[in-house]
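J.: Okay, handing you the structure first.
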Amino acid sequence: MARAFNFCAGPAILPVEVLQQAQAELVDYQGSGMSIMEMSHRGKQYEAVHQEATANIRTLMNLTDDYAVLFLQGGASLQFAMVPMNFLPSGATADYVNAGSWGAAAVKQARLLGNINIAADCEKDIPTRVPDAAELKLTPGAAYLHLTSNETISGAQWKTFPQTPAPLICDMSSDILSRPVDYRQFGMVYAGAQKNLGPSGVTLVIVRKDMAEKAAKTIPAMLRYQTHVENDSLYNTPPCFSIYILALTTRWLKNFGLENMFRRNRDKAQLLYSTIDASGFYRGTAKNECRSDMNITFRLPTVELEERFCAEASKAGLSQLKGHRSVGGVRASIYNAFPVEGVQALVSFMQAFEKRNG
Ligand SMILES: Cc1ncc(COP(=O)(O)O)c(C=O)c1O
């Protein structure tokens, strides 16, 4: 089996066991004579998949009954608009942290829909970073505070979250379920699935039921969280296949254990950061205390060397290392499913490349 070490930022590597199971049951799902994609989303077999996906999320996140688990469509990008539609009434102000491209994208959509205050702006800071909680300029009585737990492009991650009187709303697209988190500190969390949870096409939302309930009834049904809470994400046809893969991926994660996954993620990231720090050739781009465990971003002395690095790495089976087109450089995305051996292979490649070119 020829599997590349796939460092893609998303859609990203999935556990091979999950792909193999999906392959084994693709044509004939559990004796039904059809695939999971071809059956009613209101039938017993799909219902069991939907329930397992929800239950796995509840268990992994240790969620209490006052939170709903939703599987929506439109990616994290639609959440940038749904959040203010549902939680920012006219006359109120929402606080936003702008610490990178994704935070900025959320800000841009929210501005179209209501009053917002930028509680901290470090989008353009070099080294890249997230702000200290003490830096935040919060609005008294704010409707909510929005932040991005891990800036996928810049490689900066919140290690702990600020405590605020306003509900905390967090885009966790690129580090969801990579570490244990106390979700009771959030009013709502959302994540496109295509990094740590499964394939693209489904967006996970967890939301406090009392918040969803209070949103204006004039919001169109599909854009109102309460519609999906009341219908267990089955108001319309859900992305059944994506939710099925999410169920398998979260089952795999439950079996591995979230604490174990966190330790493994930290060790993988540490291996790369220590290689960068031990070299005068590679230079990390994020401030040390907020370096991401998921997206390891670094530069080489010249753009030409970066291009050669990515091209040669790709030939050696280390694929998709090119940094995001907006910032350049190199980015190794090492989500939950990325194997330790792939990180070790990258470290050896980096050391050999430095010897040849340093
Ligand atoms: C942190 C973060 N937020 C939002 C998005 C956008 O997600 P989607 O493509 O699912 O809309 C991404 C995509 O990479 C991301 O990394």
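J.: Taking ALA104 as the residue in question, decide whether it is within 11 Å of the ligand (Cβ to nearest atom), open to solvent by less than 60 Å² (accessible area, probe 1.4 Å) and either over 20 Å from the mean Cα position of the chain (by Cα) or free of Cβ contacts under 8 Å to residues at least 24 places away in the same chain (or both).
T.: Criteria met by ALA104.
J.: Hey, another quick one. Could you check segment 41-97 and list, in sequence order, the residues that are polar (S, T, N, Q), within 13 Å of the ligand (Cβ to nearest atom) and not in a helix (DSSP H, G or I)?
T.: Result: GLN73, single match.
J.: Oh, and also: Take the residues in segment 284-309 that are open to solvent by less than 20 Å² (accessible area, probe 1.4 Å) and of a type outside the set (S, T, N, Q), then tell me which one is nearest to the chain's Cα centre (by Cα).
T.: MET294
J.: Suppose we filter ALA9, ALA22 for residues that are out of contact with any Pro (no Cβ under 7 Å at 6 or more places or on another chain), among the small types (Gly, Ala, Ser), in a helix (DSSP H, G or I) and modelled with pLDDT of 95 or more; which single one remains?
T.: Unique residue meeting the criteria: ALA22.
J.: Quick one: which of GLU17, GLU38 is surrounded by 13 or more Cβ atoms within 10 Å (Cβ to Cβ), of a type outside the set (A, V, I, L, M) and more than 16 Å from the ligand (Cβ to nearest atom)?
T.: That would be GLU17, the only listed residue that is surrounded by 13 or more Cβ atoms within 10 Å (Cβ to Cβ), of a type outside the set (A, V, I, L, M) and more than 16 Å from the ligand (Cβ to nearest atom).
J.: Can you tell me which of SER173, SER200 is within 17 Å of GLN157 (Cβ to Cβ), near the ligand (Cβ under 8 Å from one of its atoms) and of a type in the set (Gly, Ala, Ser)?
T.: One residue alone meets the criteria, SER173.
J.: Quick one: would you say PRO11 is under 22 Å from the mean Cα position of the chain (by Cα) and open to solvent by 70 Å² or more (accessible area, probe 1.4 Å)?
T.: So PRO11 fits the description; yes.
J.: SER242 is checked against (1) part of a helix (DSSP H, G or I); (2) closer than 11 Å to LEU72 by Cα; (3) among the small types (Gly, Ala, Ser); (4) away from the ligand (no atom under 15 Å from the Cβ) and fails just one. What number does that condition carry?
T.: Here SER242 meets the rest and fails (4).
J.: Can you list residue pairs whose Cβ atoms sit under 7 Å apart, with the first residue in segment 142-158 being more than 17 Å from ILE296 (Cβ to Cβ) and the second being assigned to a strand (DSSP E or B) and within 11 Å of the ligand (Cβ to nearest atom)? Count only pairs 6 or more apart in sequence or on different chains.
T.: LEU147/CYS170; THR148/ASP171
J.: Check segment 137-148 and report whether any residue there is out of contact with any strand residue (DSSP E or B) (no Cβ under 6 Å at 6 or more places or on another chain), within 16 Å of the ligand (Cβ to nearest atom) and on the phi < 0 side of the Ramachandran plot.
T.: no
The values are calculated or read from the model by the stated rules, or taken from the named source; none is laboratory data. Predicted model, so just to flag it, every value in this text is computed and none were measured. Quick reminder, even Gly has a Cβ in these numbers, built from the backbone with ideal geometry, and neighbours come from all protein chains shown. In case anyone asks, the SASA skips ligands and DNA or RNA and just uses the protein heavy atoms, side chains included. Shrake-Rupley method; radii C 1.70, N 1.55, O 1.52, S 1.80 Å.
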